[in-house]
Structures are given as C-alpha cells and as structure tokens.
Amino acid sequence: MSQQSTDRPLVFSVVDDDGENVTIEISEEDYQHDLAAGIDEADTLKPGSL
C-alpha cells in the first residue's frame, strides 16, 4: 500500500537578524498549504512571527 508523504520543507521569511537573534515569519498561505497537504495542525508552525 502506498502512503502519500506529507513531508515538505519549512517555508519562512527572515524578518529581523541582529547577528545574535533571528525573527522568522510564517505566512498564512504556507500554513494553509501545510494543512491541505495533510500535516496535522499540532505539527505545523502557526502563522505569524517567531
């Protein structure tokens, strides 16, 4: 039986990099794409800045 892979690279944008700390942002579009690909909501990063 073949199982569809839900693996997908982490997609993000760097918002700020001060040389020590990096702030990234996950877009709503990328979040929705992960959910549509079958990735469990608990296993995805939510949209916004981290």
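Readers should treat all values here as calculations from the given coordinates under stated rules, not as data from a laboratory. Since this is a predicted model, take the numbers as computed values, not measurements. Every residue, glycine among them, receives a Cβ derived from its backbone with ideal geometry; neighbour counts consider all protein chains shown.
For a quick check: with amide H placed at 1.01 Å from N, whose amide H comes under 5 Å from Ile24's, ignoring anything fewer than 5 positions away on the same chain?
Those lying under 5 Å, H to H, from Ile24 are Val15, Leu50.
Taking the mean number of other Cβ atoms within 10 Å as a proxy for protection, how do you rank 25-35, 40-50 from highest to lowest?
In descending order of packing, they fall as 25-35, 40-50.
Contour minus end-to-end for His33 and Ser13, with contour as 0.36 nm per residue of separation and end-to-end as the Cα-Cα distance?
5.6 nm
In whole Hz, with x marking every Gly and Pro, tabulate ³J(HN,Hα) for the range 16-29 from phi via Karplus 6.51 cos²θ - 1.76 cosθ + 1.60, θ = phi - 60°.
8, 9, 9, x, 10, 10, 10, 9, 10, 10, 9, 7, 4, 4
Starting from the Cα of Leu45, step 7 Å along the direction of its Cβ; do the same at Ile24; then give the gap between the two resulting points in nm.
For Leu45 paired with Ile24, the spin-label model returns 0.3 nm.
How big, in percent, is the set of alpha carbon pairs in the chain lying more than 18 Å apart?
Numbers: 461 of 1225 pairs.
Value for the chain (Cα pairs over 18 Å): 38 percent.
When the Karplus curve 6.51 cos²θ - 1.76 cosθ + 1.60 is applied with θ = phi - 60°, which whole-Hz ³J(HN,Hα) does each residue of the range 36-41 get, with x for Gly and Pro?
Per residue, the Karplus-derived 3J(HN,Hα) values read 5, 7, x, 6, 4, 4 Hz.
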